[in-house]
Amino acid sequence: MFLKWFNRLILLVYALLILVPLYFVFVSSFKTSSNFFTSPFSWPDPFTWDNITGMFRNQPMWQYFGNSLVVTLGTVAIELLLSSMIAYAIVRWGGSVGEIVFALFVAGLIVPSQVSMLPIYSLTRTLGWSDSLTGLIVVSAAMLMPVSVFMLTGFMRMLNSEILEAGSMDGASEWRLYTRIALPLAAPSLAATATFLLVMVWNDLLIPMLMLSSKSKLTLPLALMQFRGEYVTNYPMMLTGVLVTAIPMIALFLLLQRYFVAGLTAGSLKG
């Protein structure tokens, strides 16, 4: 009984840790600056839409949305294409070769992304990819490749190998087995991986901050940094930006939450 109530208490504390910041962001988005500083956690009085309308009137928010959309969809498309091929190859190779290749990609999860910042910055400048959305897509895809390979390999290992062997005995090439059998069977796992990657790329700040400098190419998380002044920060406007940026991901999570949960547990099962 004690353990049961203790677990509920832990869940309650965890829920409060999530809900209190969300409430703070929501109510702050509809406050005036004076109301925000006098009573930060109270309900907005007066309730105003000026922060949202002012943000879209004074900032090219739709352009930032478009940049984030292009980078996110481009990165996820490249990730799914390449990582599914790598995961299929790892599963088909099997044995020590497959395990070594899988271990090399998993090792990429151990290296913190901050460690790679200087080499990435130097390489992208050498290749002329700085301040380019295309370069950002390529670098983001490369940085997230270990995550997606790890997830998809876990899913691919659960595929029925007898189906692939039957196709191979009928004379199907590996490419045909991959495109006609493996990919259709792995569709739910691809959806789970895509959902997980969408959230990661959409909210990413580090790599865009490293590569982008032109205002016309900023992504949404990077654009929010503009509301932080050197001496005075417009907190209601900045928190409004956080709310506006989070709305697409909240809608996506509500629609695809079962795939997101599946993505979190990817790789924990082995067939």
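The values are calculated or read from the model by the stated rules, or taken from the named source; none is laboratory data. Note that the structure is a prediction, hence the values are computed from the model and not measured. Here the Cβ positions follow ideal geometry from the backbone for every residue, glycine too, while neighbour counts run over all protein chains shown. What goes into the accessible areas is simple: the full protein's heavy atoms, side chains included, and nothing from ligands, DNA or RNA. Shrake-Rupley method; radii C 1.70, N 1.55, O 1.52, S 1.80 Å.
With +1 on each Lys and Arg Cβ and -1 on each Asp and Glu Cβ, how big is the dipole of the chain about its Cα centre, in debye rounded to the nearest 20? Roughly 300 debye, rounded to the nearest 20.
Within the chain, what whole-number % of the accessible surface is contributed by carbon and sulfur, with the 1.4 Å probe and all protein chains included in the calculation? Ligands and nucleic acids excluded, carbon and sulfur reach 71 percent.
Highest mobility in the GNM of the chain, judged by mean-square fluctuation with C-alpha springs under 10 Å and restricted to P248, P119, P146, is found for P119.
Across K4, K217, the residue with the most accessible area heads the list, and the full order at a 1.4 Å probe is K4, K217. Of the peptides 42-54, 71-83, the ranking by mean beta-carbon count within 10 Å, highest at the top, reads 71-83, 42-54. Per residue, the chain exposes 57 Å² of solvent-accessible protein surface, assessed with a 1.4 angstrom probe and all protein chains in place. The calculated pair-distance distribution of the stretch 1-78 uses every alpha carbon pair, bins of 5 angstrom beginning at 0, and gives 3, 13, 12, 11, 12, 13, 13, 10, 7, 4, 1, 0 percent. Spin-label pair V115-Y23: with each label point 7 Å from Cα along the Cα-Cβ axis, the two points sit 4.1 nm from one another.
Using just its DSSP H runs of length 4 or more, each adding -39500 (n - 2.57), the chain gives a mean residue ellipticity at 222 nm of -23500 deg cm²/dmol after division by all residues. Surface listing: M117, M55 arranged by accessible area from highest to lowest gives M117, M55, probe 1.4 Å.
Annotation: L22 carries an accessible surface of approximately 100 Å², with a 1.4 Å probe and no ligand, DNA or RNA atoms counted. Of the DSSP H helices in the chain, those that are both long (alpha-carbon extent of 24 Å or more along the helix axis) and hydrophobic (Kyte-Doolittle mean at least 0.0) are 2-28, 61-93, 133-156, 235-264. Across all Cα atoms of the chain, the radius of gyration (one decimal) and Dmax (whole number) stand at 22.5, 75 Å.
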